Amino acid sequence: MTFYLCNFKLSQDDRNPRGKKMDSDSNNLPTPSGEVGGHGDSKTKTSECTSTTPCLSSVLCPKAWFDPNKLHPKVSELVYWRDPKKSGVVFCGIFIILIALTCLSFISVVAYTSLAIVSGTFAFRVYKNILQTVNKTQDGHPFKEYLEFDLTLGSEKTQEICNAIISHLNKLAVQLRHLFLVEDLVDSAKFGGFLYFLTYLGSCFNGLTLVTIGMNY
């Protein structure tokens, strides 16, 4: 009887000789989530960030200023006046500072601007404290929202900005070497003509005047 049972078991194994192999191979097949099949010891692959939102360092690229899709969303909103109130406040402030720089020294402009900001915030804080005392309320600090705002730069963000600056500086150095050492006659000739035009432009305007005119347009 034992002899017949052994022969029957061997015949079943012969009918499916790849059964064990198929079972072992199925444990090693990759799953849709990127894991290797098995009992317990599974490793997941880290997915790389594929975000399409431009980073803040995109403002360092001159070509990005002419394409809103390549600029950071917050910068794009200001430059293309999608929120007129914010853009008006920012650009009017820059325009006033540029006008002040044409009349006063840089130190005086910084001192007067800082004094105006401190005077405004101090007066607003005193006004809010008086209102809280009269109305007997406890609204807290009027600038609490801004005091709790995190101004620190993370290591990743700092590294990203530094890498972008170094990349643009390297490209600028290569381009200047190409122009000044006459690697291409036509490009260097065009660059010389442009510099000659700048000598006439510099005799009529200074840098701040040109920036102020550009702000108006």
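The residues packed around Asn129, meaning those with a beta-carbon under 14 Å from its beta-carbon, carry a net charge of +3 if Lys and Arg are +1 and Asp and Glu are -1. With a simple spin-label model that places each label point 7 Å from the Cα along the Cα-to-Cβ direction, the separation between Phe149 and Val126 comes to 2.5 nm. In loop segments of the range 100-165 as defined by DSSP, the GluC sites (Glu not before Pro) with at most 10 further C-beta atoms inside 10 Å of their C-beta are Glu148.
When the chymotrypsin sites (Phe, Trp or Tyr not before Pro) in the range 72-136 are filtered for DSSP coil states and for at most 12 other beta-carbon atoms within 10 Å of their beta-carbon, the remaining sites are Tyr80, Trp81.
The residues of the range 104-173 expose, per residue, 87 Å² of accessible area to a 1.4 Å probe.
Among the trypsin sites (Lys or Arg not before Pro) in the range 132-217, those placed in a DSSP loop whose Cβ has at most 11 other Cβ atoms within 10 Å are Lys136. Protein heavy-atom surface of the range 71-217, 1.4 angstrom probe: 68% of the accessible area is carbon and sulfur, with nucleic acids and ligands not counted. Taking amide H as placed 1.01 Å from N in the peptide plane, Phe143 has no amide H partner under 5 Å among residues 5 or more places away or on another chain.
The values are calculated or read from the model by the stated rules, or taken from the named source; none is laboratory data. Keep in mind the model is a prediction, meaning the values are calculated, not measured. Please note: Cβ atoms are built from the backbone with ideal geometry, for glycine as well, and neighbour counts cover all protein chains shown. Calculation scope for accessible area: heavy atoms of the full protein, side chains included, ligands and nucleic acids excluded. Shrake-Rupley method; radii C 1.70, N 1.55, O 1.52, S 1.80 Å.
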